[in-house]
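First the structure, in the form of structure tokens, and then the observations on it.
The values are calculated or read from the model by the stated rules, or taken from the named source; none is laboratory data. Owing to the predicted nature of the structure, the values given are computational and were not obtained by experimental measurement. Cβ placement follows ideal geometry from the backbone for every residue including glycine, while neighbour counts extend to all protein chains displayed. Calculation scope for accessible area: heavy atoms of the full protein, side chains included, ligands and nucleic acids excluded. Shrake-Rupley method; radii C 1.70, N 1.55, O 1.52, S 1.80 Å.
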Amino acid sequence: MKQILNNILNANSWLFLELVVITIAAWVVFEPAIVNLYYRNLPLGYDADRLFYVESETDPWANKPEEDDSDSPYERLLKHENQMARQLKAIEGVASVYSDVSSASDIGQSWSVFRKCCVGADTLALTNVSFVPDAQFFETYGLMPLPGSPSAEELSHITKQEQKIVLTRSGAMALFGTPDVVGCHLTISPNLVDEMAVVMGNNTVNFGTFYEVTVAGVVEDFRKSLPATLHSIIIMPREHTFSGQYIIRLKPGINAHRFIEEQGPEIIQVGRRNSQHINRLMTFDDYLQQMELDTGRTQEVNRRLMLALFFLVNLMLAVIGTVWLHAKRHTEECGVHRAFGATKLRLLLGFLWRNALLGTAAVIVGLIVYLNYAHSGLHVGENGEYCETFFTIQNYALASDKTWVDYFWPHFFVVSAVVYIIILCTVLIGTAIPTVKIIGSKITNALRDE
């Protein structure tokens, strides 16, 4: 095998060097595309297929004869919102409705809010998700409580005054090392922004203090939006504020797109009866994609994918052109072999095998060269390892949130395997196309070809 490889390399050294350079370039180009595709296809962790999103605008001064004139404009807004939620739920096919989707800590929002959580001497920052009590939050989003935790209906009734919270499975594992934590206590901060301090002279002004809460339940892991990758989450009740936004869950078997087409006019009429103008009505999947688009993340992902596709097309053309020139040099050799009884299939497999071996050797050398560069950016500390030469969209992660993307060797080997498969397939296709044409020519023409 070693002698065969040496013969192949001696005859095709220029092609070998070209594939080494292509391997290094492919790693740089394909890595962000591979990582982005992986993040984009991570499961949300909750059933979004039967959810759709409604956004409305309301005139706070609009009043109805039956309403109390002493109500402030804001109180009227809340009444209109609650009434519309009840009327939306009364529409045939609707299972539940959750209103007040307005802050960065809500599910669907692309931005994240963190809270410091303390258990013993350990302090960790978890992603904060908030909800309005008695508004069918857990039922509407379809968050699944773990065995031993209260039902979704019971968790939705938790109030802020009870000082109870809900954790995801990863959040519980990060804090306590086990998901069986119902009834356990921890100390939390209002949020990381409130933990900031302003230093004026020698005086430090604190904006928040830690307080103790009890774990009321644990739900399965989920991601709050498409750009979000963290699932160590603390879920906390908050006060109801007007937003004019509603998340609606449909009953099983009902398609969200078809429901909007058929029931959209009725939803619009419900809004008008409550002094609300419906300006957005879409499936929750479309809503999540719109949130991703608004943050600029969609453009980044598409740019990376288009660059990878452009590189792949040019890689294919370059390999086909190079192999074509190489195969042309062996046209007479092919004619001789065929004259002595070699079949077209045998010649084709011979070319494929030699170039596959050449491509494999070139990829190995290219990966070794890139490994030396990548490893130079590896930093290992108390909080784990981070490689500044690797692409990632995750700025902060607990051990329970990490995947192969966040570890050096799995990251390197997964991307390298994909790069190898792409280059090997390209080499084989680039070899097969010109070779089939050459060995398909007449033997007399092949023998006369110089």
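The table for this structure:
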| quantity | calculated |
| --- | --- |
| Apportionment of accessible area to carbon and sulfur, segment 382-422, percent (1.4 Å) | 60 percent |
| Potential extension, Ile421-Gln289 segment - 0.36 nm per residue separation minus Cα distance | 44.5 nm |
| Length released on extending from Glu75 to Leu312, taking residue separation times 0.36 nm less the Cα-Cα span | 79.5 nm |
| Calculated FRET efficiency for the pair Leu42/Asn255, C-beta based, R₀ 25 Å, to 0.05 | 0.60 |
| Environment charge at Phe284 (Cβ cut-off 11 Å; Lys +1, Arg +1, Asp -1, Glu -1) | -2 |
| Inter-site label distance for Thr187 and Val119 at 7 Å from Cα along Cβ, in nm | 1.6 nm |
| Label-point gap, in nm, between His379 and Arg303 - each point 7 angstrom along Cα→Cβ | 2.4 nm |
